Each structure stands twice: as structure tokens, then as C-alpha cells.
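The values are calculated or read from the model by the stated rules, or taken from the named source; none is laboratory data. All of these numbers come straight from a predicted model, not from anything done at the bench. In this analysis, Cβ positions are derived from the backbone assuming ideal geometry, glycine residues included, and neighbour counts consider all displayed protein chains.
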Amino acid sequence: MARVSEGRGPGRPRVRPVEEERRRILAAARSEIAARDFHGATIDQVARTAGVARRAVYEQFGSKEELFRAVMAEAADLLTEVIQHRLREGEDLPARERVRYDVAALFDFNDRNPEVAALIRNAERGGVAPAREPLVDARRRIEQELGKLIEQRWEEMGGGIPTEAARLLALGALTMVEAAAFRQPVEPGWTRAATIELITEFMLGGFIWLAAHRQGTVDAF
């Protein structure tokens, strides 16, 4: 396995595997960009946080833009993995509980991965114009995967939902979860349980409207 030096200080350099160094740089970049946005984060600070030489960042990623692209791709990977896991679960729950289960998973993800959640929230707001493409790519992947989950839930309930409608519901639910998670620390009135119930009702309302519009019945609910 190839190894690289840390490049810190005089004397004999310590070494670490290339993949470990890459993970350290990505973690440091995720932290810096989540805290300072793309413009405020610097390669020097990322290198210091990761404990590597500045040149190591460029050797691994080539440029600040490519580093940002990798950070956003990783953020999308983490959340889509959670959503894909949900695709394999919850089939035995009643319809309402199934939807609530999925909404709660998004809140759980935000709780466990606050830096990743901040990056995804920034992707929705488009606050880093020079790197707009990575933001759009990451956001599109997340919405597509969440849309697939919504389509599957609807099929499990005995109906069918247009892909674009599912993605629109995904966009609405994801945006509401992000907004609530962002506001909760400074506005305690935004309780988790009440917010999950509200978003669950929003999702079910979308399902009900589509059922009435396409099938003329809402008996499944």
C-alpha cells in the first residue's frame, strides 16, 4: 500500500496510508466548509485541521473546487445510503407509520451528521456560486433517492405515483426537515416530535391528493 509523509516539522517524517490521508483531508474540509462556507474555507486551514502538508491537499484533490466537489459527493453518498437502507425496511408498518418512519430517519441523520446536514442545507440555498455544479449534482442525487423511497411507499400502499410528483414531495419534505433542524437550536418551540408529525401530514396530504386526482379514491388512508 502506498504511503505518504505528513510533511510536518523537521526530522524524519511520519507516514500514513494514502487513503487514510484522503479521509482526513475530506473530514477536515467537510468541517471547514460546513462552518465557513466555500469562500471562507481555505486550503491552509483544511491542511492544518487534517494535520497534513498544504501540498498533500493539492496532491490528493488538485484544487479547492475539486476538493469541494469530493466533499459534496461524500455528503450525498452518506444521506442516499440512509435512504436506500430505508427502501429495505418498514413494509410491515401501516401507511401513516411508514411515512413517519421515513421522516424521522431524516431527522436522525441530521442529529448524527450535523456537518453533513449543514452542507446539504447549503446545497439547497446555493450559497457557493463558483462551485454550483457540485451542489446541484449532490442535491439532485439526494432528491432522486428520496423520490424513489416515496414511490416505493406509495406502491406498497397499493397505488402509483408519477416520478416527478414523488420528487416534488421529496423536495418539500427534505426542505422542511432541513429548515426545522436549522431553527430548533435557537427556537426550542420547534419540537422534534411535532415537526415530524407536521411533515408526515404534509407527505400524506400529497399522497391523498394524488390518489383522489388519479384514482378517484382515498380509501387506503
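From Ile208, Ile161, grab the single residue that is closer than 30 Å to Pro94 by Cα, modelled with pLDDT under 80 and either outside any helix (DSSP H, G or I) or among the aromatic types (Phe, Trp, Tyr) (or both). Step by step, each of Ile208, Ile161 is checked, and only Ile161 is closer than 30 Å to Pro94 by Cα, modelled with pLDDT under 80 and either outside any helix (DSSP H, G or I) or among the aromatic types (Phe, Trp, Tyr) (or both).
Quick grid of which residues meet (1) at pLDDT 85 or above; (2) in the same structural domain as Gln144 (by TED's automatic domain parsing); (3) not in a helix (DSSP H, G or I):
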{"position": "Arg23", "(1), (2), (3)": "yes, no, no"}
{"position": "Ala29", "(1), (2), (3)": "yes, no, no"}
{"position": "Glu32", "(1), (2), (3)": "yes, no, no"}
{"position": "Arg48", "(1), (2), (3)": "yes, no, no"}
{"position": "Val71", "(1), (2), (3)": "yes, yes, no"}
{"position": "Arg86", "(1), (2), (3)": "no, yes, no"}
{"position": "Leu119", "(1), (2), (3)": "no, yes, no"}
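Could you tell me whether region 122-135 includes any residue that is at pLDDT 80 or above and either surrounded by 17 or more Cβ atoms within 10 Å (Cβ to Cβ) or touching a Pro at 6+ places or on another chain (Cβ under 7 Å) (or both)? There is no residue in region 122-135 that is at pLDDT 80 or above and either surrounded by 17 or more Cβ atoms within 10 Å (Cβ to Cβ) or touching a Pro at 6+ places or on another chain (Cβ under 7 Å) (or both). Look at (1) charged (D, E, K, R); (2) crowded, with 17+ Cβ neighbours inside 10 Å; (3) at pLDDT 85 or above; (4) more than 15 Å from the chain's Cα centre (by Cα) and you find that Glu197 fails only one, number (2).
Considering (1) outside the structural domain of Thr195 (by TED's automatic domain parsing); (2) in contact with a Phe, Trp or Tyr (Cβ under 9 Å, 6 or more places away or on another chain), the lone condition that Tyr58 does not fulfil carries the number (2).
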